[in-house]
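Structure, as structure tokens:
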Amino acid sequence: MKLIIAIVKPSKVQDIRTALVDIGVEGMTTSEVSGFGRQKGHTEIYRGAEYEISFVPKVKIEVATTNEQASAVIEAITSSAETGNIGDGKIFVLDLGETVRIRTGETGDEAL
């Protein structure tokens, strides 16, 4: 099993959700986060004054999936989040040791 974590632009979340549902993903978790990468933040003008924004708002998407479906999930996220500009985001893939569905006690792939 894999845990796929994607940090993406907030405007792309609905497109990613649609792409994941289309390939059969049954659940995902999102969190509003902020940070910086190569773009090192940006400046904004508010009421005539320029402000340095050190942390850019992003959304973190987490999807637990089977090993077999992991590459399809990565491709769906990549194709729906890509704009070709700096700040499109990153995808991290981690191995999951165990998964348990609390309601039924199912474990492993069945719990996903």
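The values are calculated or read from the model by the stated rules, or taken from the named source; none is laboratory data. As the structure is a prediction and not an experimental result, all values here were calculated from the model. Cβ coordinates were reconstructed from backbone atoms using ideal geometry, including for glycine residues, and neighbour counts include every protein chain displayed.
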Going through the stretch 61-107 one residue at a time, which ones are in contact with a Ser or Thr (Cβ under 6 Å, 6 or more places away or on another chain) and over 20 Å from D22 (Cα atoms)? V100
Members of the stretch 83-95 found to be touching a Lys or Arg at 6+ places or on another chain (Cβ under 8 Å), modelled with pLDDT of 95 or more and not acidic (D, E), listed by number: V93, L94
Any idea how many residues of the stretch 1-35 are closer than 16 Å to K90 by Cβ, at pLDDT 95 or above and among the small types (G, A, S)? 2
Taking the stretch 46-91 as the search range and keeping residues that are touching a Gly at 6+ places or on another chain (Cβ under 9 Å) and at positive phi, which one is surrounded by the fewest Cβ atoms within 10 Å (Cβ to Cβ)? G87
Restricting to strands (runs of 3 or more DSSP E) lying wholly in the stretch 20-101: which have 3 or more residues that are without any contact (Cβ under 8 Å) to a residue 60 or more places away in the chain and within 15 Å of P10 (Cα to Cα)? 29-35, 56-65
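Here's the yes/no breakdown for (1) under 16 Å from the mean Cα position of the chain (by Cα); (2) of a type outside the set (K, R); (3) over 27 Å from R101 (Cα atoms):
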residue	(1), (2), (3)
K2	yes, no, no
L20	yes, yes, no
S31	yes, yes, no
A49	no, yes, yes
E68	no, yes, no
A72	yes, yes, no
G89	yes, yes, yes
